[in-house]
1. Around Met7, with a cut-off of 10 angstrom between Cβ atoms, what is the net charge of the other residues, counting Lys and Arg +1 and Asp and Glu -1?
2. Between the alpha-carbon centers of segment 329-389 and segment 160-205, tell me the distance in whole angstrom.
3. Please list, in order along segment 290-302, the HN-Hα scalar couplings obtained from phi with the Karplus expression 6.51 cos²θ - 1.76 cosθ + 1.60 (θ = phi - 60°), rounded to whole Hz, x for Gly and Pro.
4. Measure off 7 Å from each Cα along the Cα-to-Cβ vector at His87 and Ser59, then give the distance between these two points in nanometres to one decimal.
5. Please turn the phi angles of segment 326-340 into ³J(HN,Hα) values with the Karplus equation 6.51 cos²θ - 1.76 cosθ + 1.60 (θ = phi - 60°), one per residue in order, whole Hz, x for glycine and proline.
6. Work out the FRET efficiency for Trp157 and Asn359 from their Cβ-Cβ distance, taking R0 = 51 Å, and round it to the nearest 0.05.
7. Under 24 Å between alpha carbons, and skipping anything fewer than 8 positions from Lys275 in its own chain: which lysines qualify?
8. For segment 8-351, what relative contact order do you get, as a whole percent, if you take Cα pairs closer than 8 Å and at least 6 residues apart?
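Every read-out reported here was derived from the displayed coordinates using simple, explicitly stated rules and does not represent laboratory data. All values reported here derive from a predicted model rather than from experimental measurement. Note: ideal-geometry Cβ built from the backbone for every residue, glycine included; neighbour counts use all protein chains shown.
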Amino acid sequence: MALPKRMKFGSFLGPFHRVGENPTLAIDRDLELVEWMDTLGYDEVWVGEHHSAGWEIISSPEVFIAAAAMRTKYIKLGTGVVSLPYHHPLMVANRMVQIDHMSHGRALFGVGPGALPGDAYMMGIPHETQRERMDESLTTIMRLFTETEPISVKTDWFELNEGMLQLRPLQQPYMPIAVASVQSPAGVTLAGKHGAAVLTITVPRDPSAGPSDLQGLWAIAEESAAEHGKEVNRDDWRLVLPVHVAESKKEALDDIRMGSARYLKEYSEGTNGRKSVFDGPLDKVVDNMSESGSWFVGTPDDIIDGINRLQEQSGGFGGFLVQTVDWTSREKMLKSYELFARYVMPQFQGTVASTFASNQWATERQETLVAGRVRAIDRAKQVYADRKA
């Protein structure tokens, strides 16, 4: 397993805000978090698109990204994800190109079929057609990004008559593209077909079922890429997990003890109907999810250990994204991101190797170096004494 020389780190910002709180302030906090991540040196943030269920309240990632681009300098800003069956491909392509220009080349384009069944239901989109329509849309969008002659496409859900873009992408040939995969073959198959990156969004599993077959998923991506004459790169593969960091394991668990239980029971299971993964007391939810590896909760060292385990389990990946859940106070969430940036990220980006080496060099030569310093001080004293004499 070869680790990337510099792993990418960021946030997958659904976002998740509990029903009942002020949505305006929640969006303000999301923007504040992106600004904080930009200050701390995170690489990227991916912003979701959702239209129902009341928890993930950003309906247009492009609008959010436009606002974030004006408040940040360095961090890359991605759609995480645009639900392609919800939109005409020409509209999606045009919006992404505009974002690419407005962010001065910091745009990332994440796509998916649409995660919430309520969204597709309200728009009259048959659920069984969503992945097929995503493929048709992405194929058309990539042609619009790269071809200069007018394009005509007719499907059973959209029509494009001599379509072409007024603006070309600022990044060439286009901004980085990633396909969402919720641990099923569909996303990695499509990513392989187009030579795109993969965003693997983990979901809680029954611990008795064992770890997810991440290596098997990546093998499907490689097989699909080979079939279509494309390549996929592990360094562009990003894994997404909920994370909370504090100074101690106990503090980290206590910080999100009730908020995490509400997220799992009220939203993941209660609203989305996912199978229950823990039937114990609510105040033990976070302990169970942490012990099973579904969530990374603890000290920076705990998170480092968790990422290393994921590397072994997957065979290697190049990006780690914190699935942001609004499950504790604003101050504790910002602190968690700071601890992650200070102590976790450097271990996977090569930025502390030289300081460790320098410290080890000085420690191993401590006796010699201290003796030299003592001789220098003694000589300086003698010189001074001789002058006085």
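1. Working: positive: Lys5, Arg6, Lys8, Arg238; negative: Asp43, Asp235.
Summing Lys/Arg as +1 and Asp/Glu as -1 gives +2.
2. Centre-to-centre distance over Cα atoms comes out at 46 Å.
3. Per residue, the Karplus-derived 3J(HN,Hα) values read 5, 5, 7, x, 5, 10, 9, 10, x, 7, x, 5, 4 Hz.
4. So the label points at His87 and Ser59 sit 1.4 nm apart.
5. Result, ordered by residue: 7, 10, 8, 5, 4, 4, 5, 5, 4, 5, 4, 5, 5, 4, 4 Hz.
6. Details: r = 61 Å, r/R0 = 1.19.
With a Förster radius of 51 Å, E is 0.25.
7. Lys265, Lys284
8. Numbers: 632 pairs, mean separation 59.8, N = 344.
Computed value for segment 8-351: 17 percent relative contact order.
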